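The values are calculated or read from the model by the stated rules, or taken from the named source; none is laboratory data. None of these values were measured; they are calculated from a predicted model. Heads up, the Cβs are rebuilt from the backbone with ideal geometry, glycines too, and the neighbour counts pull from every protein chain shown.
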């Protein structure tokens, strides 16, 4: 439970507090536990709601610098009529091949924790947990168009971090690409 919270919050102390709050909430609500799921699943559900509550509260205190990262305009490619058209750059390695390697997950987890909290949470809920766009928007309190902006920035941040850190550690990735 701690690891789950820590990956999403990037703070050891806050993750400990959230896990502690989860156990306190579970103890208060133990008579409502009906046994339809395992105790672990029940606790993880409580933890997830505690995390969302914390992140919603923290999201209300967003700094102005977090709204538009510097150099964002450079990632836009405009169509002839002036409408932005996003095209993420090509990957320099085959992500499907390295996806299954444990070392990759260590680097991926590190890159995910380096993202802004809102980007981390949006990417985790949408891409890793498979939540629908509507669910993620409801949890984060954002409109779908802004969610896609957040996800675009999160993917680009992860891509840059993975290319920098994964390729440094794994020169064998080039051989994997050659085999594909």
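Quick notes
- Among the residues of region 159-180, the ones that are closer than 16 Å to residue 103 by Cβ and at pLDDT 70 or above come to 7 in all.
- Residues being touching a helix residue (DSSP H, G or I) at 6+ places or on another chain (Cβ under 6 Å), in a helix (DSSP H, G or I) and under 16 Å from residue 110 (Cβ atoms) - total across region 9-32: 2
- For the residues 97, 79, the requirement of being at pLDDT below 65, touching a helix residue (DSSP H, G or I) at 6+ places or on another chain (Cβ under 6 Å), assigned by TED's automatic domain parsing to the domain that holds residue 157 and over 15 Å from residue 158 (Cα atoms) singles out 97.
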